[in-house]
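To keep things clear, I will list the structure first and then write my remarks on it.
The values are calculated or read from the model by the stated rules, or taken from the named source; none is laboratory data. Please read all numbers here as calculations on a predicted model, not as lab measurements. Note that we place each Cβ from the backbone using ideal geometry, even for glycine, and neighbour counts take in every protein chain shown. Ligands, DNA and RNA are excluded from the accessible area calculation, which covers all protein heavy atoms including side chains. Shrake-Rupley method; radii C 1.70, N 1.55, O 1.52, S 1.80 Å.
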Amino acid sequence: MALVRTAPRLTGADASALARELYGLAAEATELPSERDQNFRLCDASGAQFVLKIANSQESADVLDLQNQALSFLANSVASLEWPRVVASRHGRTIEDAGHLLRLLTWIDGVCLADVQPYRAELLSSLGAALARVDSALESFSHPAAKRAFYWDLRRYALARPHLELLQPERRALVEPLLDACDRLNWDDLRDSVIYGDANDYNVLADPSGSRVAGFLDFGDMVHSATICDLAIALAYTMLGAPEPIAAAYQVIAAYHRQRPLTAAEQDALYALARARLAVSVCYSAWQMREAPGNEYLKISSAPAWSLLQRLADMPEGWADEVFHRACEDGGQDDRLLAARRRSIGPSLSLSYDRPLHITHGWKQHLYDARGREYLDCVNNVTHVGHCHPRVIEAARRQMARLNTNTRYLNEQLTEYAARLTATLPPPLNVVFMVCSGSEANELALRLARTHTGRDDVICVDAAYHGNTTTLVDISPYKFNGPGGRGKPPWVHMAPLPDSYRGLCRGADAGARYAGHVADLARSHDAAAFICESAVGCGGQTILPEGFLRNAFASVRASGGVCISDEVQTGFGRAGSHFWMFETQGAVPDIVTMGKPIGNGHPMGAVVTTPEIAASFANGMEYFNTFGGNPVSCAIGLAVLDIIRDEQLQENARETGAFFVAGLRELAARHRLIGDVRGLGLFIGIELVRDRETLEPAPEETAEIVNRMKDRGILLSVDGPYHNVIKIKPPMVFAKSDASRVIQALDDVMKAEWPQMHADGRR
Ligand code: PMP
């Protein structure tokens, strides 16, 4: 880095004088930024423009000759791009010596990539293709000076190692493994050639529209190296300038590979090299900062590299590397997947979004697709403690490696889990049955209720969903009254959905009045059970009005029935204020059913009931469930409970949920499209209406918003009887900053799409 200290220090007047003296050029000189040389832009009276390049005093004439030769070689072989032309001096020399070595090049027009961010997809493709053309051409170029020991040559990454000690420990921990990874590369398998070596966002020029690469500048980093380093360097800078770094890299790689196919070894090395370039850069910045401690610019300029390095480190293991490889496969992978799915998967299973997502990885509250996009997941309440939580994975791995069998042996995991689970519930809910899904839990709950009461009929609420089995479809109006449904069977009785926004009863006494409907049904039909979610998910994230469950449960019991709380969607702390959503109603059911979040994605479920009901069920017919309660499931269930406690996720649901709902209500004050915002903890619904008086639902707008939000990297879903409720039920590690991002994006989408529904919008 001594080179920085030996950079020339000429003034503009000096440069003008040299231009006149050596090139006969009468021109104004303006200095351009450069790390180790000095460059002046010259403009003569005719408007012709040049760059006067004054080399670092350590630069050898050989290396300058390498650049000059390469430039004329590329001008001849890659005519689709613009190249600076080397202008000979009055003495006929292409390199002059005036204390410092200097050269004059013609100016090429264009906008540097730094000025056209965010990059358009076609620009990224154009960059990949342009660089591939350059690399292909340079395969047949050689120059003796190219084989040099040069610190920016990525093959010489180890030269950066001594500077690791200048980094703070946590930063060093970020960077050192990236240099180590280069030690493990099979360098001998990589093709080599002279490379351009510096496709950064100030050196690559785009056409004025920012859609096509027009040319490259600054050939001072040319070196004989592994050819793939040229692309790796370009990718490091592409990622630095892109909001979605891996997706941007995908575009560049795909276009490069189409033009100049990468070998398997190059594909394997590419991500490691792109990251190594960032690592090397921050090492050299640290070194420069030590050399010039007062230089604030150095600190500022390395900040984006640090934040990118951190961001890449936070991505799921293996994902970006996989995307880099995938970019080298032919396109159409998603089309093939879709066709294969259509051939072999039942068509009754739909895909989300207009253009389906191909998700390959998950981490915390994020999902990651096959082409490098990261999504904020506001929907998956199953992965309760976050996607791929390491403690859940470890618990599963350890128990699977040890034993997985059924529950007909004595086993610590089962009893420990049952004890831990019942400890979260109010008495007398202390007998546990382990099952494998929410549907199995509700099925069993119905059997418990029927056996206990000797009755068959069931009361449910309108728009409810309780599961996918024959019997559960029969008690799910969401299904039996939906497309393909066969209507309500005679043994099912449907109470109105306790919706105090657009439902039958509104106002302060809505809860008691809705409970009155349940009471009427309970009295007139000898019902075995009343089943209700503690906040109705498929019904449109309906928050039950105060007093509903307490009153409904009392009258159902008075009529001899039992009360089932379906906590499949809502349980395990999501409510924030309470561990179970029914507790927010001051009610205690006779049976609680659990699923989804219980195993963080592992298929498990549970039913918890009273000793009395459990005793009635033990009528001689055994209840056996092959997989329910197996030790692996129990180990996972225990890990989930531990994580909820250790990471204070219920507390997070309370705080983040309240913050989120408050922000959404503030948004509703500005967008008439938002009719209602409701939620408890991280169980939130946004109901969209075209008219706040008539409450005319806005299903098309809702679908549109959800698709637009997906394009912005935010995943939401739609539900409710009128398909006009945006459902939000994210992994419980969701942060306030995530909530703010969702609110901002919703604001932007709605302002752009329905300005007339915006308070300060114009018609
Ligand atoms: N109950 C409710 C409230 C549900 O939302 C669901 C699933 N969406 C189920 C039960 C059924 O759970 P599973 O799909 O795990 O069988």
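Scan segment 456-477 for residues that are surrounded by 23 or more Cβ atoms within 10 Å (Cβ to Cβ) and either in contact with a Lys or Arg (Cβ under 6 Å, 6 or more places away or on another chain) or under 26 Å from LEU688 (Cα atoms) (or both) and jot them down. Selection gives CYS460, VAL461, ALA463, ALA464, TYR465, HIS466, SER476, PRO477.
Okay, residues lined up against (1) among the β-branched types (Val, Ile, Thr); (2) within 30 Å of GLY485 (Cβ to Cβ):
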| position | (1), (2) |
| --- | --- |
| GLN650 | no, no |
| GLU655 | no, no |
| LEU695 | no, yes |
| GLU700 | no, yes |
| ILE705 | yes, yes |
| SER717 | no, yes |
| PRO721 | no, yes |
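Search segment 535-578 for residues being within 25 Å of PRO611 (Cβ to Cβ) and surrounded by fewer than 24 Cβ atoms within 10 Å (Cβ to Cβ), and hand back the single one that is nearest to the ligand (Cβ to nearest atom). Break it down into steps so the answer makes sense when it comes.
Residues of segment 535-578 within 25 Å of PRO611 (Cβ to Cβ): 549-550, 552-568, 570-572, 578.
The next check asks that each one be surrounded by fewer than 24 Cβ atoms within 10 Å (Cβ to Cβ); those that pass are 550, 554-555, 557-560, 578.
Details: ARG550: 20, ALA554: 23, SER555: 22, ARG557: 22, ALA558: 26, SER559: 24, GLY560: 25, HIS578: 17 Å.
Among those residues, the one meeting the criterion is HIS578.
Scanning segment 103-122 turns up one or more residues that are open to solvent by less than 20 Å² (accessible area, probe 1.4 Å), within 26 Å of GLU59 (Cβ to Cβ), modelled with pLDDT of 95 or more and of a type in the set (A, V, I, L, M, F, W, C).
Kindly evaluate LEU673 against the criterion of being more than 18 Å from CYS378 (Cα to Cα), at pLDDT 95 or above and either aliphatic (A, V, I, L, M) or open to solvent by less than 10 Å² (accessible area, probe 1.4 Å) (or both). Criteria met by LEU673.
Could you check segment 520-534 and list, in sequence order, the residues that are under 13 Å from GLY561 (Cα atoms), small (Gly, Ala, Ser) and open to solvent by less than 10 Å² (accessible area, probe 1.4 Å)? Of everything in segment 520-534, those that are under 13 Å from GLY561 (Cα atoms), small (Gly, Ala, Ser) and open to solvent by less than 10 Å² (accessible area, probe 1.4 Å) turn out to be ALA522, ALA527, ALA528, ALA529. Scanning segment 614-643 for residues that are open to solvent by 10 Å² or more (accessible area, probe 1.4 Å) and either in contact with a Phe, Trp or Tyr (Cβ under 6 Å, 6 or more places away or on another chain) or at positive phi (or both) gives GLY620, LEU638. Kindly indicate the residue of segment 682-705 that is open to solvent by 10 Å² or more (accessible area, probe 1.4 Å) and in contact (Cβ under 8 Å) with a residue 12 or more places away in the chain and also nearest to ILE728 (Cα to Cα) among those meeting that condition. Within segment 682-705, the match that is nearest to ILE728 (Cα to Cα) is ALA703.
Screening LEU414 against (1) touching a Cys at 6+ places or on another chain (Cβ under 8 Å); (2) assigned to a loop (DSSP other than H, G, I, E, B) leaves a single unmet condition, (2). For segment 469-484, the set of residues classified as within 14 Å of the ligand (Cβ to nearest atom), closer than 23 Å to TYR722 by Cβ and in a loop (DSSP other than H, G, I, E, B) consists of ILE475, SER476, GLY482, listed by residue number. From the set of residues in segment 25-56 that are over 15 Å from ILE95 (Cβ atoms), outside any strand (DSSP E or B) and aliphatic (A, V, I, L, M), which is modelled with the lowest pLDDT? Ranking the qualifying residues of segment 25-56, first place goes to ALA45. In segment 434-449 there is at least one residue that is over 41 Å from the mean Cα position of the chain (by Cα), at pLDDT 95 or above and either surrounded by fewer than 21 Cβ atoms within 10 Å (Cβ to Cβ) or within 14 Å of the ligand (Cβ to nearest atom) (or both).
For first residues located in segment 463-485 and free of Cβ contacts under 8 Å to residues at least 40 places away in the same chain, partners that are within 13 Å of the ligand (Cβ to nearest atom) and of a type in the set (Lys, Arg) and lie 6+ apart or on another chain with Cβ distances below 7 Å form the pairs VAL473/LYS479; GLY485/LYS479. Only one of the numbered conditions (1) modelled with pLDDT under 95; (2) assigned to a strand (DSSP E or B); (3) of a type outside the set (Ser, Thr, Tyr) is violated by ALA752, and that is (2).
Name the residues in segment 579-608 that are in a loop (DSSP other than H, G, I, E, B) and buried (at least 24 other Cβ atoms within 10 Å of the Cβ), would you? Selection gives TRP580, PRO589, ASP590, GLY595, MET604.
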